[in-house]
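Taken together, the values in this text are just the output of simple stated rules run on the coordinates, not laboratory data. None of these values were measured; they are calculated from a predicted model. Using ideal geometry, Cβ is built from the backbone for each residue, glycine included, and neighbour counts are taken over all protein chains shown.
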Amino acid sequence: MAYAVEVAGLRKSYGSVQAVRDVGLTVRSGEIVALLGPNGAGKTTTLEILEGFRDRDGGFAEVLGLDPGDRSSSRDLRERTGLVLQDLAVEPYLTVRETIARAAGYYRAPRTTGEVIDLVGLAGQERRKVRALSGGQKRRLDLALGLIGDPELLFLDEPTTGFDPAARRDAWQLIGRLRGEGTTILLTTHNLEEAQALADRVVVLSAGAVVAEGAPDAVGGRDTERASIRFALPDGFAIRDLPLPAEAGNGTVIVETSNATRALLELTRWAVRHDVVLAGLTVVRPTLEDAYLHLTRQGTPAGAPERTAR
Amino acid sequence: MMTAAITGRSAGRRRRHRGLGLLAHQIWYEQLSFWRNPQSAIFTFVFPVVFVTVIGALLGGGTGSAYFGGLSALQYYVPTIAALSVLGSCYGQLTVALALRRQNGILKRVRATPLPAWAYFAGLLAHCVLVSFIDVALIGAIGRLYGVPFPSNWFAIAVTLLLAAACFCGLGVGVASVIRNADAAPAVAQLVLFPLLFISGTYLPIHSEMLNRVAGWLPVRPFNEALLGPLALHEGPDWKHLAVVAAWGCAGTVVGVWRFRWTPRPE
């Protein structure tokens, strides 16, 4: 199967509010894709349609070759997918081990309870009641319940929210392991560092539509669009002496350019000719955060979503 | 910390529970959750037992009196409090548990697994029925201590309890389905139940012809009546009263199936 998730022209409204206007995305088998976007961009609605919790108003959606809106195949789909969502809860008076063992009984070929407890880092907590767990431990338990069925496809809705940095590292490591096993993962996150670290591709949503998608290093034209070149102005020269328009920055000069290769050539040729050094010369690409903020700031352009070449 | 090796997809897996095995799996974990939760265990289970113990201590075995329709006080209270315990563990427990589990996402978590809906409900309902049976048995045993003879028509008791428990489960699911805010669930459940218990003679015999007629068409009094025969008088199943209970059970089930949702209502 080429695609684990295939979505095109997805639409969903709540009353007069169009939560999802036009979402199209694909996730290949074995790929990790991060869904980015501000609150209200339609991430959760999209995810919930794919998980079968909501019906779509229109558009095409297929998950592991099955229609998530089709009740007759929903059991098969749930057998093969794992979910870690924001608003899920479990019985407070069961222990960690009991909670996981209970869920294991629902699947055809689950992982073993002990294995999953070790995977998510709850070893030593097996006999504690769910109600006595900390917020971070509860999220680990959520993760365990998403993994117990040994899913081909995992949906993670903000999987590390509420984790301390060490726990986040552990979770990233775990997701890396799952990738190595061939598990396909579609995750949402507000943490751009997380998207950068985990995802093969990111899909940026804004106001219910896809505004960009691509590799984390390339999305929103990060690799090709404007870059800034910084260096210290050589002694005895003014900004107007430079061969390119520039601005004075914080003790440095900043040249904004859409063609860094050419700009560098002109700058260095100028420096060599005048026999000076451009101290601290650096080229700064927009960070994923810059690209993300730029893409989601002004809402959605009405036209087709821009896509970066892959 | 997350260092265990991930084993292959087929290594050492247990087979999924099926059919009755799955049902037993569900009942077991429902029982664990129930008995460990002091609130549910005390209010649902202990209250009726304490009530009948106290009444027995106050009024003793005694002999029949006109006030209790020719029965002794305990002969009257064993069936009505047994009915109360079925109401508590089926109707009361289900209303509160389902509304709460929906609101805080437990039902959604269940829905995210391949567990079929029938298995979840069968497990939950069977758990409730089991709790009510244990409660009724305890109440019967306490009644025996105060001189109420053990019933003899076990068939009639089993039929009456099973049918009524199923019906009050149906009513519980129905009421839980229309409750919007889980915080209000216990209040709504009690608000409906408490006046109903009073006019149905659960706590005191009612000697008003009119009130008895009205209560006769509501679910609780017919259940009290239907239990009285088999539990205190060695009679057979009281089909006429059970029919009224069954009608209410069906109505509740229809509403429950029609309005049930797994996910919390959007704000």
Seminar exercise, completed: For B:LYS108, the lysines lying under 17 Å Cα to Cα, once residues fewer than eight places off in the same chain are dropped, come out as A:LYS138
For this session: Convert each backbone phi in segment A:170-179 into a coupling constant with the Karplus relation 6.51 cos²θ - 1.76 cosθ + 1.60 (shift: θ = phi - 60°), then list the ³J(HN,Hα) values in order as whole Hz, x for Gly and Pro.
Result: 4, 5, 4, 4, 4, 5, x, 4, 4, 4
Exercise. If you stretched the chain out fully between B:ALA187 and B:PHE155, how much longer would it get, using 0.36 nm times the residue separation minus the C-alpha to C-alpha distance?
Worked result: 8.0 nm
Seminar exercise, completed: Karplus ³J(HN,Hα) for segment A:204-213 (6.51 cos²θ - 1.76 cosθ + 1.60, θ = phi - 60°; Hz, whole; x = Gly/Pro) runs 9, 9, 8, 6, x, 9, 6, 9, 6, 7
Seminar exercise, completed: Non-local residues with an amide H under 5 Å from the amide H of A:LEU35, with H modelled 1.01 Å from N and Pro and chain starts lacking one, are A:LEU187, A:THR188, A:THR189, A:VAL203
Problem set entry | Nearby lysines by direct alpha-carbon distance to A:LYS12 (threshold 16 angstrom, same-chain neighbours under 8 apart not counted) | A:LYS43
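For every helix of n ≥ 4 consecutive DSSP H residues, a contribution of -39,500 (n - 2.57) applies; sum these over chain B, divide by its total residues, and give [θ] at 222 nm rounded to the nearest 500 deg cm²/dmol. Could the numbers behind the result be given before it?
Numbers: 11 runs with 174 residues, N = 267.
Helix contribution divided over all residues of chain B: -21500 deg cm²/dmol.
Between A:ALA279 and A:ARG297, what length in nm is gained on full extension when 0.36 nm per residue of separation is reduced by their alpha carbon distance? Write out the running numbers ahead of the final one.
Numbers: separation 18, 0.36 × 18 = 6.48 nm, distance 3.46 nm.
Full-extension gain reported as 3.0 nm.
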Seminar exercise, completed: Rounded to the nearest whole number, the Stokes-Einstein translational diffusion coefficient of chain B at 37 °C and 0.692 mPa s (Kirkwood radius, C-alpha pairs) in µm²/s is 166 µm²/s
Exercise. Of the residues A:ASP55, A:ASP235, A:ASP142, which exhibits the maximal mean-square fluctuation in a Gaussian network model of chain A defined by a 10 Å Cα contact cut-off?
Worked result: A:ASP235
Exercise. To the nearest 0.05, how large is the calculated FRET efficiency for A:ARG127 and A:ASP164 if R₀ is 25 Å and r is the Cβ-Cβ distance?
Worked result: 0.60
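Nearest 0.05, what FRET efficiency do A:GLU181 and A:ARG71 give at R0 = 25 Å with Cβ-Cβ as r? Spell out each step's value before the answer.
Values: r = 30 Å, r/R0 = 1.20.
For R0 = 25 Å, the calculated efficiency reads 0.25.
If each residue's Cβ is checked for other Cβ atoms within 10 Å, how do B:LEU145, A:LEU154, B:LEU84 rank with the fewest at the top? It would help to have the intermediate numbers written out before the result.
Values: B:LEU145 12, A:LEU154 23, B:LEU84 26.
Ascending number of Cβ neighbours within 10 Å: B:LEU145, A:LEU154, B:LEU84.
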Exercise. So in the protein assembly as shown, what percent of DSSP beta bridges are antiparallel if you round to the nearest 5?
Worked result: 60 percent
Problem set entry | Pairwise label distance in nanometres, B:LEU204 with B:TRP118, each label 7 Å out on the Cα-Cβ vector | 4.8 nm
Exercise. In the Gaussian network model of chain A, springs joining C-alpha atoms below 10 Å, which of A:THR188, A:THR45, A:THR257 carries the largest mean-square fluctuation?
Worked result: A:THR257
Exercise. Counting other C-beta atoms within 10 Å, which of A:ASP217, A:ASP67 has the fewest, and how do the rest follow?
Worked result: A:ASP217, A:ASP67
Exercise. In degrees between 0 and 90, to the nearest 10, how far off the longest principal axis of chain B does helix B:220-232 point, with axes built from Cα atoms?
Worked result: 70 degrees
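Dividing the alpha-carbon Rg of chain A by 2.2 N^0.38 Å yields what? Can you show the working numbers first?
Numbers: Rg = 24.0 Å, N = 310, 2.2 N^0.38 = 19.5 Å.
Cα Rg divided by the expected 2.2 N^0.38 Å: 1.23.
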Seminar exercise, completed: Straight-line reach check, A:LYS129, cutoff 12 Å on alpha carbons, 8 or more apart in-chain or any other chain, hits among aspartates and glutamates -> A:GLU91, A:GLU98
Exercise. On a 0 to 90 degree scale, rounded to 10, what angle separates helix B:47-59 from the longest Cα axis of chain B?
Worked result: 20 degrees
Exercise. Where q = 0.24 Å⁻¹, what log10 of I(q)/I(0) comes from the Debye formula for segment A:1-48, counting one point per Cα?
Worked result: -0.93
Exercise. Mind checking the angle between helix A:135-147 and chain A's longest principal axis? C-alpha axes, 0 to 90 degrees, to the nearest 10.
Worked result: 70 degrees
Problem set entry | Projected label distance in nm at B:LEU20 and B:LEU196, using a 7 Å step from Cα toward the beta-carbon | 3.3 nm
For this session: Kindly give the semi-axes, whole Å and largest first, of the ellipsoid equivalent to the protein assembly as shown, taking each as the square root of 5 times a Cα gyration tensor eigenvalue.
Result: 66, 23, 21
For this session: Compute the label zone of A:ARG269 within segment A:231-261: residues whose backbone N is under 14 Å from the point 7 Å along Cα-to-Cβ.
Result: A:243-244, A:261
Exercise. Applying the Karplus parametrisation 6.51 cos²θ - 1.76 cosθ + 1.60 with θ = phi - 60° to the phi angles of segment A:68-76, what ³J(HN,Hα) value in whole Hz is obtained for each residue in order, glycine and proline being reported as x?
Worked result: x, x, 8, 4, 5, 9, 5, 5, 4
